[in-house]
1. Given the -39500 (n - 2.57) contribution per DSSP H run of 4+ residues, what per-residue ellipticity at 222 nm results for the chain, rounded to the nearest 500 deg cm²/dmol?
2. What length, rounded to one decimal in nm, is gained on full extension from Ser476 through to Thr327, with 0.36 nm per residue of separation minus their alpha-carbon distance?
3. Measuring with a 1.4 Å probe in the full set of protein chains, what accessible area per residue, in whole Å², belongs to the chain?
4. Average the reciprocal distances over every distinct pair of alpha-carbons in the range 318-439, invert the result, and give the Kirkwood radius in Å.
5. Once the cut-off is 14 Å, how many percent of the Cα-Cα pairs in the range 207-255 end up in the long-distance tail?
6. Say the dipole of the chain comes from +1 at the beta carbon of Lys and Arg and -1 at that of Asp and Glu; which of Tyr143, Leu53, Val290 then lies farthest toward its positive end?
7. Kindly state, to the nearest 0.05, the FRET efficiency for Glu261 paired with Ala422, given R0 = 45 Å and r defined as their beta-carbon distance.
8. In whole Å, how far is the Cα centre of the range 25-39 from that of the range 437-483?
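The values are calculated or read from the model by the stated rules, or taken from the named source; none is laboratory data. Here the structure is a predicted model, which is why all the values come from computation and not from measurement. Here the Cβ positions follow ideal geometry from the backbone for every residue, glycine too, while neighbour counts run over all protein chains shown. Only protein heavy atoms, including side chains, enter the accessible area calculation; ligands, DNA and RNA are left aside. Shrake-Rupley method; radii C 1.70, N 1.55, O 1.52, S 1.80 Å.
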Amino acid sequence: MLALAGCPRGDGKPTVPREAPARGVFRPATVAAGTYNESTDPEPPEGELESLLLDVVTQKALEAGRSSPLPDPRLAAAARDLATTLTGDEPPAYDLIEFALQHHGIIEPSPHLVVVEMTPGGEDALVDELRLKLPAVLAEGKYRRFGAGFADTGTTRRVVIALQESWVDTDPVPRALPSGGAAELRGRLLFPYRDAHVVVTPPAGKVQTLPLSREADGGFRTWLRCERDGRYQVEIGGQDKLGAEVLANFPVYCGSAPPTEVVLRGDVGVVRSGNEAEERVLALLNADRVQHGLPALQWDGRVAAVARAHSQDMFDHDFVGHVSPTTGSAGDRLRRARIGTATVLENVARAYSPEEAQRGLMGSPGHRANILSPEATHVGIGIVLGREVAGRPELLVTQLFIRVPPKVDVARAVAEARAVIAERRKARPGVKQLIDDAELGKLASAFARELAAGSPRDDAAARLDSGLDKLGGRFSVVKTNLMVVGAISQIGGAKNVEDASVSHVGIGVAQGDDAEIGKGALFVVVLLAESR
């Protein structure tokens, strides 16, 4: 097992890297958009240089067999903001890019940026450089939008070309709502994405999945409601062959105006090894959990090896996704490594520093929910260094979360299971609560203990049936539910618990090993009986 800084030891408090000092504040001079996606109609470039750059991009896209991206004035405005703030010695910060996009009403994630310096009168040299760079850039994505921005640095002119993918169309969405206000979010996923989902991080911080009304051709509708003032981070996602993907991620402010500036920060320091980056991400991740009242996660070296292999696969095959063409899903990868668990959660990211990676993941409601999952107990992090940009290596990050069930108090576990069942029956009108039956409880507990100890299921079931036969004078029917889970909260799918005909219940819980869930699995037996 790797000895990583940030692994809980002693008092369980993770070591947290220091925060980089602020290096300035960016306040755009342009008027902020009042809504997202107010107008996405393409408009012709404003100047000769932007037109020239669009011509080069169009030509190279057609040569590569790609559709040409269309000029987007909002993306061009964001590129101009970035051109005025970037320096030549580091990649653009995630926070700055996201702020510039949102300021101009764009909801999609970060675009691909091409940043070059041009000397006065150097248009021909610029075009030649772009002709060399663009084929590799265009091969990385199917870009729908183009924007270019410029800034004079004194001796040169900085040129920022932004190419952005877009896989979701929405009606206009307000960037701010009044206290108690609401807005309909209506959109449509574009091919090849399907199965839209919308998750939100409200001011209280607990991620919520919004109910959707689905329409034809990937359409969906839902409502954003201001239950309290503050920032609501909204994420629209979909599925393709690489698994779940974030297609849009943007804040809506309730009872307050969107920010008009962003603090520019550097990073703690350039990482020079995957192990160093993993240590820093682990410390940041556990600091986020502790801040939200959750226990720090334990490091698992076997899981880290699986995560590291997936990051290497993403680097080798130039993709960022959960489903690999060669290794399948995270669950597939864990099974091949003979790691059993009832909980499999995975985050993947591409960033230029551990701090940027963790901020980006916490800023995405879906990824945040994984980091702050109360079900997770262990984590493995795998980071592979990729190509360098301005002296900083690209980081391909995989965070893989699992659950190793802790030793449980059986009596407490039975009480928790009883509460889960009672809650389900309470939600069903006209269904009475079950009577806890001591004899059924003894039989359920004996069956659970035998299975947890590894007894053949048929033999244990025969002994259960024999015991139930002795209760035949009391009950006309006894229905058996057997569940093997990692946590009592996962028994919500138990069958027949809402059946109005059953009146008595017996619950047994025991702990043992299971091929799928691993060590410490919970064997939960629920006997539901109908009185004669």
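1. Counting only the DSSP helices, I get -9500 deg cm²/dmol.
2. Length difference between fully extended and current span is 48.6 nm.
3. 46 Å²
4. For the range 318-439, inverting the mean 1/r across all distinct Cα pairs yields 17.8 Å.
5. 62 percent
6. Val290
7. Computed FRET efficiency for Glu261 and Ala422 comes out at 0.30.
8. Using only Cα atoms to place each centre, the spacing works out to 65 Å.
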